[in-house]
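We did not get these values from a lab; they are worked out from the coordinates using the rules stated. If you're wondering where the values come from, they're calculated on a predicted model, not measured in any experiment. Cβ coordinates were reconstructed from backbone atoms using ideal geometry, including for glycine residues, and neighbour counts include every protein chain displayed.
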Amino acid sequence: MKKLMAANWKMYKTWDEAKATARELADLVGALPDDREVLIFPPFTALKGVSDELASVKGFSTGGQDYYIQEEGAFTGEISPKMLKDCGAAFGLTGHSERRHVLGETDEYIGKKTAYGIASGLKVVLCVGELIEERKAGKVEEVVERQIREGLKDVPREIEAEQIAIAYEPVWAIGTGEVAGPEEIVEAHAFCRKILVDLFGEKGNEIRVLYGGSVKPENCSQIISLDNVDGVLVGGASLKGESFSKIVLA
Ligand code: 13P
């Protein structure tokens with residue numbers, strides 16, 4: 001299984017900045033090792049530019065940070081999977097903690113969105129993860145199980161394993177510099193794996209489980225070597241070609 005090294009650029013970068021970072025990254029990474037895959041989630045406004053910049057770079061792809069659950073229509077401000085694909089995206093992102101906790105998306109809506117993205121031909125990275133209060137209350141498994149089961153509720157069980165990935169991103173580790181410890185990561189990822197196997201049978205072992213939350217060049221090689229860590233989803237440290245290239249090659 002190839003490790004998926006994903007960058008979430010959130011609401012950063014203009015068209016020119018995004019294209020320049022993508023080019024710098026591809027140049028610094030050079031020939032990608034066979035066991036790696038790189039995925040960039042630029043803001044919508046730079047998606048086409050980044051996709052074009054990376055179109056001929058082997059092992060690199062792009063995705064949309066969000067999408068709506070219709071192909072087209074009177075939905076002001078929204079973007080459809082069809083439009084993402086038209087801009088060169090192969091992936092979509094659902095369930096990110098900022099959409100759950102800042103923009104108020106529910107488990108139910110995230111489930112619909114995940115299934116719709118897959119039905120529309122995108123591969124989807126579904127993010128899950130607990131708040132610090134939930135961890136302190138011993139509710140990590142309860143929260144993660146609910147988010148995975150609801151998130152994948154309407155996803156057909158016959159999909160290919162590579163069409164979906166889970167990103168375990170404990171909310172308290174996002175953008176805080178406070179990375180989860182190896183034991184916390186191993187425990188949470190083993191738990192995600194258990195739920196995936198329960199839902200998809202053997203195929204659940206082939207579905208990638210990424211870690212996200214304060215991943216940096218300094219901690220990536222340790223994180224990526226842990227059991228059931230099949231890649232990373234990186235925010236802050238993915239914004240510069242130099243630091244993300246080190247993560248990709250960690
Ligand atoms: P940071 O890497 O900045 O903690 O962000 C993680 C994240 O939210 C990726 O989706």
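Assorted remarks:
- When you restrict to C-alpha pairs under 8 Å that are six or more residues apart and normalise by the size of the stretch 106-250, the relative contact order lands at 22 percent.
- Only Lys, Arg, Asp and Glu carry charge here, each on its Cβ (+1 for the first two, -1 for the last two); on that basis the stretch 36-116 has a dipole of about 220 debye about its Cα centre.
- Residue exposure sequence - His189, His101, His96 - by fewest surrounding Cβ within 10 Å: His101, His189, His96
- Under 5 Å, built H, 5+ apart or other chain: amide partners of Lys123: Phe91, Gly92
- Computed from backbone phi, the HN-Hα couplings of the stretch 216-228 come to 9, x, 6, 10, 5, 5, 5, 4, 5, 8, 6, 4, 6 Hz, rounded to whole numbers (Karplus: 6.51 cos²θ - 1.76 cosθ + 1.60, θ = phi - 60°; Gly and Pro given as x).
- Cβ-Cβ FRET estimate between Lys58 and Ala137, R0 fixed at 41 Å, reported to 0.05: 0.35
- Amide H to amide H, with H built 1.01 Å from N, Glu169 comes under 5 Å of Val128, Gly129, Gly212, counting only residues 5 or more places away or on other chains.
- Gap separating the Cα centres of the stretch 97-147 and the stretch 177-234, nearest whole Å: 15
- Whole-percent pair-distance distribution, where bins are 5 Å wide, for the alpha carbons of the stretch 143-250: 2, 12, 23, 23, 17, 12, 8, 2
- Two numbers describe the Cα atoms of the stretch 107-201: Rg and Dmax, which are 13.6, 39 Å.
- Distant alpha-carbon pairs in the stretch 13-87 (separation over 21 angstrom), percent: 32
- Leading residue at positive end of dipole, the chain (Cβ point charges), from Leu25, Thr176, Met11: Leu25
- For Val234, the residues 5 or more places off, or on other chains, whose built amide H falls under 5 Å of its own are Ala6, Ala7, Asn8.
- Estimated vicinal HN-Hα couplings, Hz - the stretch 113-127 in sequence order (Karplus 6.51, -1.76, 1.60; Gly, Pro = x): 5, 4, 5, 5, x, 5, 4, 8, x, 8, 8, 10, 9, 9, 8
- Both radii are taken from the alpha-carbon atoms of the stretch 3-52; with Rh as the Kirkwood radius, Rg/Rh is 0.97.
- Whole-Hz couplings from phi, Karplus 6.51/-1.76/1.60, listed for the stretch 143-154; x for Gly and Pro: 5, 5, 5, 4, 5, 6, 4, 5, x, 10, 3, 9
- Chymotrypsin sites (Phe, Trp or Tyr not before Pro) restricted to DSSP loop in the stretch 1-96 with at most 11 other C-beta within 10 Å: Phe75
- The alpha-carbon atoms of the stretch 32-166 define a convex hull whose volume equals 129 cubic angstrom per residue.
- Each 5 Å bin from zero up to the one holding the largest Cα-Cα distance in the chain carries the following percent of pairs: 1, 7, 15, 19, 21, 18, 12, 6, 1, 0.
- The relative contact order of the chain comes to 21 percent, based on Cα pairs under 8 Å that sit 6 or more residues apart.
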